[in-house]
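Here is the structure we will look at, set down as structure tokens.
Nothing in this text is a laboratory measurement; each read-out follows from the coordinates by a stated rule. Computed from a predicted model, the values in this text were never measured in an experiment. Note: ideal-geometry Cβ built from the backbone for every residue, glycine included; neighbour counts use all protein chains shown.
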Amino acid sequence: LRALAGSAAALAALGVAVALYAGPELDRALREKTHVAGTNVDTRELRWQAAARMVADHPALGVGPGGFRAGYPAASHNAEIDEQSPVAHNMYLEVAAELGLPGFALFAGLLVVTAVTSERVLRATTDPRPVLAAQSALVAVVVASTFLSQQYYLPLWSLVAVVAAADLRLRRTSDVACAPRDQ
């Protein structure tokens, strides 16, 4: 108990010394991070608004695949000068802006079909761990895609493929089990 109390006191003293010695540096770093975070929020809001304008202006067919980058300066009315290849930082808004509302509906439908298929596979499989891992990753990608876009396209399509492969494997396994045997 004495060793634990002595360690806690030494750790507290070290924390106070670091705070006193590095306090101004920590304060400056915190102000800089706050400024960067504020700028990040402002640029995301600007990009989301630009994507929403693109959807409103081109609801049927969108601006075309990859068209967000080309149309961003005109749609934003306040584009960042130093940004060479902007992304919407929201996969759903970017897909809707580029493919229109019908394309977005198909995209959302694919996510729903993938989730339903993964649940069907989960209920029918003997080892649920791989399917649970795929479902967890799918949930993480779907949520994270609200704040990022380009980084999650590949993981999303990979997870769709993994779930489709698991479903195909389950169907083939059940077809083999149900097939009549030659006598």
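A helix-only calculation puts the chain at -28000 deg cm²/dmol for mean residue ellipticity at 222 nm, using -39500 (n - 2.57) for each DSSP H run of at least four residues, averaged over all residues.
Largest GNM mean-square fluctuation among H35, H77, H89, using the chain with Cα springs under 10 Å: H35. Extension gain for T125-A5 works out to 38.0 nm (0.36 nm per residue, less the C-alpha to C-alpha distance). Think of each Lys and Arg Cβ as +1 and each Asp and Glu Cβ as -1; about the Cα centre, that makes the dipole of the range 24-183 roughly 600 debye. Label sites at A165 and H77, each approximated as a point 7 angstrom past Cα along Cα to Cβ, lie 4.7 nm apart. Across the options L4, F147, A56, the greatest Cα extent toward the positive end of the charge dipole of the chain (unit charges at beta carbon of Lys, Arg, Asp, Glu) belongs to L4.
Between A137 and Y153, the contour length at 0.36 nm per residue exceeds the Cα-Cα span by 4.5 nm. Over the range 63-163, what is the mean sequence separation of C-alpha contacts under 8 Å (at least six apart), divided by residue count, expressed as relative contact order in percent? Across the range 63-163, relative contact order equals 32 percent. Summary value for the chain: 19 percent relative contact order, contacts being C-alpha pairs under 8 angstrom separated by 6+ residues.
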